[in-house]
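Each remark here refers to the structure printed beneath this line.
The values are calculated or read from the model by the stated rules, or taken from the named source; none is laboratory data. Note that the structure is predicted; figures quoted are calculated from it, not measured. Cβ placement follows ideal geometry from the backbone for every residue including glycine, while neighbour counts extend to all protein chains displayed. Ligands, DNA and RNA are stripped out before the accessible areas are found, and what is left, the full protein with its side chains, is counted by its heavy atoms. Shrake-Rupley method; radii C 1.70, N 1.55, O 1.52, S 1.80 Å.
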Amino acid sequence: MDAFTRFANQTQGRDRLFRATQYTCMLLIYLLEPKAGKEKVVLKLKKLESSVSTGRKWFRLGNVVHAVQATQQSIHVTDLVPRLCLTFANLNRVVYFICDTVLWVRSVGLASGINKEKWRMWAARHYYYSVLLSLVRDLYEISLQMERVAHDRAKREKSPSQDPLGYSVADEETEWLQSFLLLLFRSLRKHPPLLLDTVKNFCDVLNPLDQLGIYRSNPGIIGLGGLVSSIAGIIMVACPHMKLRTH
């Protein structure tokens with residue numbers, strides 16, 4: 001209970017909980033809406049989703065500052081590829097949060113002359129760029145991890161006292177694919193934060209892909225992806241050692 005209290009007291013923790021609730025509502029609405037006799041439940045879920053979405057906007061008001069700080073930190077990353085990916089991803093997050101703040105200003109009636117659709121598309125575009133760059137960074141980290149695992153495996157196989165550990169494949173036509181998938185599995189199993197970050201970013205990209213019309217998804221897929229991404233985010237906040245770090 002103390003751990004949950006500490007988690008909920010963090011702004012990021014509250015935002016992740018609200019986000020998980022929002023996407024759970026979206027998924028449940030998609031599943032229940034076609035069924036007869038569920039109209040009242042669906043209406044309550046829609047009201048809850050709307051309320052949670054509004055609450056999340058309050059939590060995100062200060063995220064511009066956090067994104068700027070993250071950009072400053074990413075500039076000092078040693079490895080070139082993660083440095084470029086993280087820096088440009090965080091810059092896009094800064095623009096996204098600015099757009100999100102403008103949309104919030106319009107939603108509360110502080111400025112009525114704002115073109116909501118234009119700013120919403122700008123926000124979606126920069127969020128998409130941010131997540132896409134984060135995915136590129138994940139793929140780069142996965143390739144490095146696979147190289148390390150492959151190198152360790154090669155050293156073990158050269159040792160006469162070690163068995164091949166089941167890496168031989170009878171069918172030559174599928175040997176490369178099976179070897180690649182096995183190497184990928186072993187690499188991600190040894191690096192849970194990398195797996196968690198990759199899953200989170202993959203799920204995050206579904207929403208902007210739909211908003212921008214690049215790849216259309218139904219609300220059920222977006223809700224499920226958002227829920228999985230939110231759970232991954234909750235794990236990262238609650239267990240800092242599960243957050244992917246680059247030195």
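Some observations on this one:
- Given (1) surrounded by fewer than 16 Cβ atoms within 10 Å (Cβ to Cβ); (2) part of a helix (DSSP H, G or I); (3) out of contact with any Cys (no Cβ under 9 Å at 6 or more places or on another chain), index of the condition Ile29 fails: (1)
- Leading residue by the ranking (farthest from Asn92 (Cα to Cα)) among those in region 131-160 that are among the hydroxyl-bearing types (Ser, Thr, Tyr) and surrounded by fewer than 19 Cβ atoms within 10 Å (Cβ to Cβ): Ser159
- The condition of being polar (S, T, N, Q), modelled with pLDDT of 90 or more, loosely packed, with under 15 Cβ neighbours inside 10 Å and closer than 19 Å to Asn201 by Cβ does not hold for Gln22.
- With respect to the conditions (1) among the small types (Gly, Ala, Ser); (2) open to solvent by 60 Å² or more (accessible area, probe 1.4 Å); (3) assigned to a helix (DSSP H, G or I), Gly113 falls short on a single one, namely (3).
- The residues of region 33-48 that are open to solvent by 40 Å² or more (accessible area, probe 1.4 Å) and assigned to a helix (DSSP H, G or I), listed by number, are Glu39, Lys40, Val41, Leu43, Lys44, Lys46, Lys47, Leu48.
- Scanning region 57-73 turns up one or more residues that are among the basic types (Lys, Arg) and in a loop (DSSP other than H, G, I, E, B).
Residue by residue, here is whether (1) open to solvent by less than 20 Å² (accessible area, probe 1.4 Å); (2) modelled with pLDDT under 95; (3) not charged (D, E, K, R) holds:
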{"site": "Lys200", "(1), (2), (3)": "no, no, no"}
{"site": "Gly213", "(1), (2), (3)": "no, yes, yes"}
{"site": "Asn218", "(1), (2), (3)": "no, yes, yes"}
{"site": "Ile234", "(1), (2), (3)": "no, yes, yes"}
{"site": "Lys243", "(1), (2), (3)": "no, yes, no"}
{"site": "Thr246", "(1), (2), (3)": "no, yes, yes"}
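- Any pair with Cβ under 7 angstrom, 6 or more apart, that starts in region 30-48 at a residue that is under 16 Å from Gly223 (Cβ atoms) and without any contact (Cβ under 8 Å) to a residue 40 or more places away in the chain and ends at one that is surrounded by 15 or more Cβ atoms within 10 Å (Cβ to Cβ) and β-branched (Val, Ile, Thr): Leu32/Val42; Glu33/Val42; Val42/Ile29; Leu45/Ile29; Lys46/Ile29
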